[in-house]
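The values are calculated or read from the model by the stated rules, or taken from the named source; none is laboratory data. Keep in mind it's a predicted model, so treat the numbers as computed, not measured. Every residue, glycine as well, gets a Cβ built from its backbone with ideal geometry; the counts of neighbours run over all protein chains shown. Accessible surface is based on the protein model in full, side chains and every heavy atom, while ligands, DNA and RNA are left aside. Shrake-Rupley method; radii C 1.70, N 1.55, O 1.52, S 1.80 Å.
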Amino acid sequence: MLLLDAKSHRFGVDPIRAAIQTTGLLAIGFLVATLAVTPLRVITGWEGLFFCRRPLGLMAFFYSLAHVLIFIGYDQQWHWDQVASELLSRRYLQFGLATIVLLSPLAMTSTSTMLQRIGFGRWKKLHRLIYPAAIFAAVHFWLQSKANVRLQIGVMFVIVGLLAWRVWHHRRDRHKAMKH
């Protein structure tokens, strides 16, 4: 869709910026959806949601990767010294880089084969990197905004709410287990 929109000039006066924004919005949307799977599954009892988590997480990663590649390839024209300079001078880019760095091992170990290879316990610990990745993504989204930040603040609240639910649910389960 992005390529089609770019080819038919539907991105407006700054198509590169529009592509960066679109891929960024999709990336953070899929990241939030990935985080929402477990709470929704627990609340609704719909176990089928479990099978949505991996594809949603991979979509978050691939849109994040597209977001980064459009920035480096089209916006910065693959000038690595310019990319480094931008990265050092812009805090929001540092949070964005941290996000993609944290999401990369999750994408690389998302297959059943990798889960078996590294073992469930280590796999599960590794995949907890989604929590700081989500926080860094939200901070990146917020810091890069210039004017209206309602959407960014809303995304932050949703991410913090989803993470708080996980902490609450984990503590509740531990408390129940200690009673029995």
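Brief remarks follow.
- Residue check, residue 57 touching a residue at least 12 places away in the same chain (Cβ under 8 Å), under 21 Å from the mean Cα position of the chain (by Cα) and part of a helix (DSSP H, G or I): yes
- When 104, 110 are checked against the criterion of being assigned to a loop (DSSP other than H, G, I, E, B), open to solvent by less than 100 Å² (accessible area, probe 1.4 Å), under 28 Å from residue 68 (Cα atoms) and polar (S, T, N, Q), a single residue qualifies: 110.
- Taking residues in the stretch 142-165 that are more than 18 Å from residue 22 (Cβ to Cβ), and partners anywhere that are basic (Lys, Arg) and part of a helix (DSSP H, G or I), the pairs with Cβ atoms closer than 6 Å and at least 6 places apart or on different chains are 143/91.
- The stretch 91-127, residues that are closer than 24 Å to residue 142 by Cα and among the basic types (Lys, Arg): 91
- One residue from 13, 42 being open to solvent by 90 Å² or more (accessible area, probe 1.4 Å) and either within 23 Å of the chain's Cα centre (by Cα) or without any contact (Cβ under 8 Å) to a residue 60 or more places away in the chain (or both): 13
- Taking the numbered list (1) outside any helix (DSSP H, G or I); (2) modelled with pLDDT under 95; (3) open to solvent by 60 Å² or more (accessible area, probe 1.4 Å) in turn, residue 21 passes all entries but (1).
- All positions within the stretch 79-96 that are closer than 23 Å to residue 131 by Cβ and exposed (fewer than 15 other Cβ atoms within 10 Å of the Cβ): 91, 92
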